[in-house]
Amino acid sequence: ADPAKLGPVLRLFFPPGVETPEQDALSLLAFRGPLAVLGNVIVQAAERAGGEIAFYRAVTQAGDRCDIALCIWAFSAAYSLKMQVLYDEELRRPENPVSVEMLRKLAMLLNRFSYCLVTHKANPPYRKALIRFVRELHANDCRTHFIPDPKDWLIAQSRALDNAVTPTISPEQASIEQALRRMVPGFVPSAPPPRPRPPPSSTAAAPAGEEDEDGDIVMEDQEDQEAREAAGKGSELLECVLEQIPHVLPFQDRVNVFHRRIAADQQVREEGRSPFVQHEFRQIRRGHILEDGFREFGGLSDSELLDHFKVEFIGLDGEPEPGID
């Protein structure tokens, strides 16, 4: 099939300015449409482009509503709807209009395509449908194992996003990670200890960008500046990947990120957990635990719920119970 012939028809289902097609249109494509033809068009277009990355570049350069982009959108949205009524054991039966071999090729191709969309911060109208479809394919593969090797879902370049965050860790954070490595099996610290700094001079240095005592402009260390920029960009992209397509990152890497986030949050809140810091008491009556719990904690933000606070229980006799929780 030729994408140029499918394009005009698909534009009727996906008119300009519409991010979510009508349910009737999707149902028509999912249960009476040429899903196998659409899948074959996408695979053949990728083969002509010369690979997954070249295919992504060709599609994005052609525009958000080019013929092949509409094919990707239509297939992702329609087959996602089809999978909702398709039992796992029917994946290899005639009830599935797309062969398992074709589905493997599409899964790997669209998995890489989704990763490129996320890391390049591209936001075409089909992005939401495509990423949702890829995640559903991965969830289905976890049950049916239609991909021979689960590691095929991983994208090696995603690990570099985690490494890009590491240059900004503090010495205190490094010590925490070393402790985690001893306590958590398989934990890998995010970076080696920070490189040593030259001893400070007797004269206090001026802030970066300002003049020192000799009238020279103090320039920021280029390596540090590049490291901070790379860390900021890497952290932002890592957040997007973990939120939208976490399966492309190895599980142990995700665990390491989780532990580092906890350690970093504890480091920030360490001063507030000192026994010498005065904290507000939250009073909870024993006979009204649910009601008082909502009153005391219902209005707190996510960050405030992580702070240190003290709870004082009021007994049924109206007197505070001994001890503080």
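In this structure, does residue 112 turn out to be charged (D, E, K, R), open to solvent by 30 Å² or more (accessible area, probe 1.4 Å), within 19 Å of residue 246 (Cα to Cα) and at pLDDT 95 or above? Outline the logic, then answer.
Details: charged (D, E, K, R): yes; open to solvent by 30 Å² or more (accessible area, probe 1.4 Å): yes; within 19 Å of residue 246 (Cα to Cα): yes; at pLDDT 95 or above: yes.
Yes; evaluated as a whole, the condition is true for this residue.
Within segment 248-266, restricting attention to residues that are closer than 24 Å to residue 151 by Cα and without any contact (Cβ under 8 Å) to a residue 60 or more places away in the chain, the residue that is surrounded by the most Cβ atoms within 10 Å (Cβ to Cβ) is 254. For segment 267-325, the set of residues classified as at pLDDT 85 or above and part of a helix (DSSP H, G or I) consists of 286, 287, 288, 289, 290, 291, 292, 293, 294, 295, 296, 297, listed by residue number.
Taking the criterion of being under 30 Å from residue 8 (Cβ atoms), charged (D, E, K, R) and crowded, with 18+ Cβ neighbours inside 10 Å, would at least one residue in segment 65-76 satisfy it? Yes, segment 65-76 contains at least one residue that is under 30 Å from residue 8 (Cβ atoms), charged (D, E, K, R) and crowded, with 18+ Cβ neighbours inside 10 Å. In summary, residue 42 fulfils each of the numbered conditions (1) farther than 30 Å from residue 161 by Cα; (2) buried (at least 22 other Cβ atoms within 10 Å of the Cβ); (3) more than 25 Å from the chain's Cα centre (by Cα) with the single exception of condition (1).
When segment 61-103 is filtered for residues that are of a type in the set (Asp, Glu) and either under 15 Å from residue 134 (Cα atoms) or assigned to a helix (DSSP H, G or I) (or both), the ones remaining, listed by number, are 67, 88, 89, 90, 101.
Reported count of residues in segment 1-36, each being open to solvent by 20 Å² or more (accessible area, probe 1.4 Å) and within 18 Å of residue 108 (Cα to Cα), is 1. Only residues that are within 14 Å of residue 126 (Cα to Cα) and open to solvent by 70 Å² or more (accessible area, probe 1.4 Å) were counted across segment 46-64, and they come to 1.
Suppose we keep only residues that are of a type in the set (Lys, Arg) and within 11 Å of residue 247 (Cα to Cα) within segment 118-158. Which one would you say is least open to solvent (accessible area, probe 1.4 Å)? Show your work before the answer.
Of all residues in segment 118-158, those of a type in the set (Lys, Arg) come to 121, 127-128, 132, 135, 143, 151.
Of the ones still in play, those that are also within 11 Å of residue 247 (Cα to Cα) are 135, 151.
Details: 135: 107, 151: 146 Å².
In this case the residue turns out to be 135.
Residue pairs whose Cβ atoms lie under 6 Å apart, sitting 6 or more positions apart in sequence or on different chains, and linking a residue in segment 90-117 that is under 17 Å from residue 73 (Cβ atoms) to a partner that is aromatic (Phe, Trp, Tyr) and open to solvent by less than 40 Å² (accessible area, probe 1.4 Å), are 113/56; 116/56. Residues of segment 92-109 that are in contact with a Leu (Cβ under 9 Å, 6 or more places away or on another chain) and either modelled with pLDDT of 95 or more or closer than 12 Å to residue 147 by Cα (or both): 100, 103, 106, 107. Within the bounds of segment 29-44, is there any residue that is in a loop (DSSP other than H, G, I, E, B) and under 29 Å from residue 239 (Cα atoms)? Looking through segment 29-44, none of the residues is in a loop (DSSP other than H, G, I, E, B) and under 29 Å from residue 239 (Cα atoms).
Among the residues of segment 83-97, are any open to solvent by 10 Å² or more (accessible area, probe 1.4 Å), over 23 Å from residue 249 (Cβ atoms) and of a type in the set (Phe, Trp, Tyr)? The answer is yes; a qualifying residue exists.
Taking segment 122-147 as the range and being farther than 23 Å from residue 30 by Cα and in contact (Cβ under 8 Å) with a residue 12 or more places away in the chain as the test, only 122 passes.
The values are calculated or read from the model by the stated rules, or taken from the named source; none is laboratory data. Predicted, not measured: the structure shown is a model, and the values here were computed from it. Cβ: placed from backbone, ideal geometry, glycine included. Neighbour counts: every protein chain shown. These accessible areas exclude ligands, DNA and RNA; they are computed on the full protein's heavy atoms, side chains included. Shrake-Rupley method; radii C 1.70, N 1.55, O 1.52, S 1.80 Å.
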